[in-house]
Amino acid sequence: MQETFGQRLQRLRKQANLTQEDVAAKLNITYQAVSKWENDVSAPDISVLNELSDILDVSLDELLGKQPSMQYVSEQNRKDINKMFLRIKVLSSDGDKVNVNLPLAVVKVFLDSGMEIPVSAGKVSLDGINFKQIYELVESGVVGKIVEVESSDGDRVEIWVE
């Protein structure tokens with residue numbers, strides 16, 4: 001089930017440690033208006049969206065539900081790396097779809113032991129992907145879509161960190 005605007009707004013507001021009253025005060029509106037947005041009874045006026053994204057410290061794309069591409073997250077706003085996932089999506093030109101979701105804690109175990117990460121996606125090879133470098137990027141605060149490759153055969157590989 002896809003997250004509604006109201007659900008996303010509430011999640012982002014709570015992640016920013018703000019109350020409905022805090023958001024309302026910053027926008028010079030009533031907290032009831034924010035409540036209606038979060039309950040999907042109404043939606044904010046388009047003229048408010050930029051300011052709302054600034055208040056919540058997210059991009060307008062993220063506020064509107066578009067998957068964010070790669071971004072840097074400051075140290076104080078980072079999630080616990082052990083609660084994050086490496087998501088690999090492979091779409092082959094033959095129509096095969098492979099989705100792999102690995103907790104980063106598991107990825108770290110593989111990297112620390114010197115083992116290869118066992119990701120197989122049919123004829124699509126992930127051998128050229130440096131998972132150690134991806135993990136180091138995440139440790140430095142990079143999240144979102146980290147890899148996007150399309151082969152000449154039409155195969156696509158995307159790697160996300162969330």
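Cβ-Cβ contacts under 9 Å between residues 6 or more apart (or on different chains), taken from a first residue in segment 137-153 that is surrounded by fewer than 12 Cβ atoms within 10 Å (Cβ to Cβ) to a second residue that is part of a strand (DSSP E or B), are listed as Ser140/Tyr72; Asp153/Val124. For segment 70-110, a residue qualifies if it is out of contact with any helix residue (DSSP H, G or I) (no Cβ under 8 Å at 6 or more places or on another chain), among the small types (Gly, Ala, Ser) and surrounded by 13 or more Cβ atoms within 10 Å (Cβ to Cβ), and the qualifying residues are Ser92, Ser93.
Going through Val107, Val143 one at a time, which residue ends up being at pLDDT 85 or above and part of a helix (DSSP H, G or I)? If you could, list the steps in order and put the result at the bottom.
Numbers: Val143 fails: part of a helix (DSSP H, G or I).
Residue meeting the stated conditions: Val107.
Does segment 1-22 hold any residues that are hydrophobic (A, V, I, L, M, F, W, C) and surrounded by 14 or more Cβ atoms within 10 Å (Cβ to Cβ), and which are they?
Within segment 1-22, Phe5, Leu9, Leu12, Ala16, Leu18 qualify.
Suppose the filter is of a type in the set (A, V, I, L, M, F, W, C) and under 18 Å from the mean Cα position of the chain (by Cα); does Leu63 pass it? Answer is yes for this residue. Output the number of residues of segment 52-64 satisfying the condition of being surrounded by 14 or more Cβ atoms within 10 Å (Cβ to Cβ) and modelled with pLDDT of 85 or more. Qualifying residue count for the region: 5.
The values are calculated or read from the model by the stated rules, or taken from the named source; none is laboratory data. Please read all numbers here as calculations on a predicted model, not as lab measurements. Using ideal geometry, Cβ is built from the backbone for each residue, glycine included, and neighbour counts are taken over all protein chains shown.
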